[in-house]
Each structure stands twice: as structure tokens, then as C-alpha cells.
Amino acid sequence: MSKIKGAMTDELKKYCVGIAGCGGLGSNCAVALSRVGIGRLIIVDYDVVNKSNLNRQYYFIDQIGRKKTAALMETLRRINPDVRVTAYDRPLAPQDVLPVFGNCDVIVEALDDREMKRMLIETILSELPGKPLVIASGLAGWGNNNALTTRTMDNVYVCGDETSEAGDDMPPLAPRVGIVANMQANQVLEILLGAMK
Amino acid sequence: MRINLNNRYEEFEGEQMTITDLLRIKNFSFRLLVIKVNGRLVRREEYDMTVIRDGDRVAVVHLVSGG
């Protein structure tokens with residue numbers, strides 16, 4: 001077991017994963033990938049930590065008001081200082097996608113707004129065709145575990161139920177957001193390490 | 001015609017249809033979609049002009065907010 005674990009850890013150190021967005025999906029996905037010892041993470045977000053984020057995002061009371069990229073970087077370092085983290089504190093524009101994520105082995109779409117999701121996905125599909133892309137769609141609310149799935153289409157992986165939209169009566173909450181964020185991290189591992197035997 | 005829609009084979013009447021036809025027939029009324037035909041991205045402004053034929057592989061992803 002320890003030999004396998006050592007080989008897996010050595011393998012993961014070779015790879016770089018880009019995460020677009022450091023909200024509920026991005027912060028939890030980054031934590032999972034750091035714990036398993038990914039080599040490098042590139043994280044992007046323009047927002048600051050707000051009290052209302054703490055119901056699902058991997059931040060703490062004493063980080064309220066801080067830039068999400070800086071706060072997350074600090075948390076990741078406390079978990080696993082071997083992970084090299086590069087942070088971009090800015091909104092993601094189409095022209096940023098290639099320079100920021102071009103060298104990543106896998107890209108994780110972890111944005112909140114569906115228009116932003118669409119912009120990122122379309123830009124990656126046209127400018128980085130073939131790049132493995134793990135997206136999330138449909139994770140608001142609670143319960144209904146079995147509706148959450150991963151759908152594969154060529155190099156695009158869709159995690160979530162593709163239905164539950166966040167709104168006033170349907171807030172994104174820690175359990176379901178965390179499940180989908182970890183499904184994304186789990187899919188990244190499968191892409192990098194191959195399917196489990 | 002028979003196409004592979006989201007990894008499942010489905011039969012449709014006729015020899016061909018546009019993406020717009022497909023969305024109407026399948027009742028895909030979500031405003032935000034990402035569509036690939038045979039692995040290639042089809043943008044929203046191309047839905048009326050892009051023709052699907054027998055044997056094509058079509059992927060439709062619904063995008064909803066939340067994260």
C-alpha cells in the first residue's frame with residue numbers, strides 16, 4: 001500500500017491544475033488537490049472573502065475582507081507547503097485564458113455565474129482544444145445525492161445535476177457544493193492517474 | 001436519421017436538421033447551453049446554420065449558476 005501511495009504521490013507532483021474561481025467549488029477543489037499532493041495549482045479570482053461565503057467556501061472568520069486568492073493560498077500552504085501555488089487576483093477575461101491556463105494539464109471550471117462559465121468553456125474549447133476541462137453545473141440546494149453525476153464528452157467532464165440553479169429559494173450550501181467540488185477533484189485525479197484498477 | 005446525443009443514440013425524422021431544430025424537438029429550453037458537434041464547439045450564433053446529419057455526435061451541456 002505505501003509503495004503504491006508513494007508512486008501516486010510522485011506522479012501527482014508532475015502535474016499542474018488550473019482552477020478558475022475560488023468560491024465554493026474552487027476553494028474546496030483546491031484543498032482536496034493540495035491534500036493529495038498535486039504539483040502545482042494556478043488559482044484565479046477577483047473577489048474578497050465575505051461573511052456570506054462561509055456557508056460553503058473554504059475560508060475562515062478571520063479571513064473576512066481579505067482577497068480570496070491570498071486567503072486560499074495561505075490555507076493551502078498550511079495544508080501542504082510542497083504544492084506550488086500561483087494566484088491571479090483579477091476577473092478572468094477571454095484573453096487571459098490562454099496565458100494563464102495554457103500550460104496546465106487539466107483546467108477546472110469553478111465559476112459561479114453561468115455567463116462566466118459559458119465564456120470560459122467556449123474560450124477553452126476553441127483556444128485550447130483537447131485540453132481536459134472539468135466543469136460544474138447544477139449543485140444548489142440540498143439532498144438528492146443521486147442526481148449528482150459526472151458526464152464525459154470527449155475531453156469535457158460535467159459534474160453536477162445540470163438542473164439545480166442557485167437562487168433566493170435555492171442557495172448553494174456546503175454539502176452539495178462540497179460534493180461537486182470534490183467530484184471535480186476526483187475527476188482530475190482520474191484524468192492524471194488513469195482509471196482506478 | 002440516428003445521432004449520438006449526449007452519449008446515447010436517438011432516432012429523428014428526416015435526413016438532417018439544424019441545432020435550432022434539435023433544441024426545439026428535444027425541448028432544450030435552457031437559456032445557456034454549450035454544444036459540441038463531432039467534438040467541435042458550435043457557438044450560439046451558429047445554431048441556425050449548423051446542420052446535423054445521420055451518425056453525428058452531439059453533446060449538449062446545460063449551464064446553471066452556482067458555485
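Quick check on residue A:164: is it in a helix (DSSP H, G or I), farther than 19 Å from residue A:43 by Cα and open to solvent by less than 70 Å² (accessible area, probe 1.4 Å)?
Details: in a helix (DSSP H, G or I): no; farther than 19 Å from residue A:43 by Cα: yes; open to solvent by less than 70 Å² (accessible area, probe 1.4 Å): yes.
No.
Every residue in the stretch A:1-27 that is surrounded by 20 or more Cβ atoms within 10 Å (Cβ to Cβ) and either in contact with a strand residue (DSSP E or B) (Cβ under 6 Å, 6 or more places away or on another chain) or among the acidic types (Asp, Glu) (or both), please. So that I can check it myself, show each step before the final result.
Initial filter on the stretch A:1-27 (surrounded by 20 or more Cβ atoms within 10 Å (Cβ to Cβ)): A:17-27.
A:17, A:18, A:19, A:20, A:22, A:24, A:25, A:26 - these are the residues of the stretch A:1-27 that are surrounded by 20 or more Cβ atoms within 10 Å (Cβ to Cβ) and either in contact with a strand residue (DSSP E or B) (Cβ under 6 Å, 6 or more places away or on another chain) or among the acidic types (Asp, Glu) (or both).
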Among (1) of a type in the set (A, V, I, L, M); (2) in a loop (DSSP other than H, G, I, E, B); (3) without any contact (Cβ under 8 Å) to a residue 60 or more places away in the chain, the one test that residue A:70 misses: (2)
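Could you count how many residues in the stretch B:28-67 are farther than 30 Å from residue A:53 by Cβ and at pLDDT 90 or above? Even if it seems obvious, please write down each step before you answer.
Quick first cut of the stretch B:28-67, residues farther than 30 Å from residue A:53 by Cβ only: B:28-29, B:35-60.
Subsequent filtering for residues that are at pLDDT 90 or above retains B:35-60.
The qualifying residues number 26.
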The one condition in (1) open to solvent by 10 Å² or more (accessible area, probe 1.4 Å); (2) in contact (Cβ under 8 Å) with a residue 24 or more places away in the chain that residue A:30 fails to fulfil: (1)
Residue count, the stretch A:83-93 (criterion: exposed (fewer than 13 other Cβ atoms within 10 Å of the Cβ) and either part of a helix (DSSP H, G or I) or not basic (Lys, Arg) (or both)): 2
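Of all residues being of a type in the set (Asp, Glu) and within 20 Å of residue A:17 (Cα to Cα) in the stretch A:101-118, which is nearest to the other protein chains (Cβ to nearest Cβ)? Just the residue, please. Let's see the steps before the verdict.
Of the residues in the stretch A:101-118, the ones of a type in the set (Asp, Glu) are A:105, A:109, A:112-113, A:115.
Still in the list and also within 20 Å of residue A:17 (Cα to Cα): A:105, A:109, A:112.
Numbers: A:105: 20, A:109: 9, A:112: 4 Å.
Among those residues, the one meeting the criterion is A:112.
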Conditions (1) open to solvent by 40 Å² or more (accessible area, probe 1.4 Å); (2) among the charged types (D, E, K, R); (3) out of contact with any Leu (no Cβ under 9 Å at 6 or more places or on another chain); number of the one not met by residue A:112: (3)
Unmet criterion (only one of (1) in contact with an Asp or Glu (Cβ under 9 Å, 6 or more places away or on another chain); (2) closer than 25 Å to residue A:67 by Cβ; (3) not basic (Lys, Arg)) for residue A:130: (2)
Candidate set from the stretch A:119-161 (those that are within 7 Å of chain B (Cβ to nearest Cβ) and crowded, with 22+ Cβ neighbours inside 10 Å); member that is nearest to the chain's Cα centre (by Cα): A:136
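The values are calculated or read from the model by the stated rules, or taken from the named source; none is laboratory data. Predicted model only: the values in this text are computed from it and were never measured. Because the Cβ atoms are built from the backbone with ideal geometry, glycine has one as well, and the counts that use them run over all protein chains shown. These area figures cover heavy atoms from the full protein model, side chains too; ligands, DNA and RNA do not enter into them. Shrake-Rupley method; radii C 1.70, N 1.55, O 1.52, S 1.80 Å.
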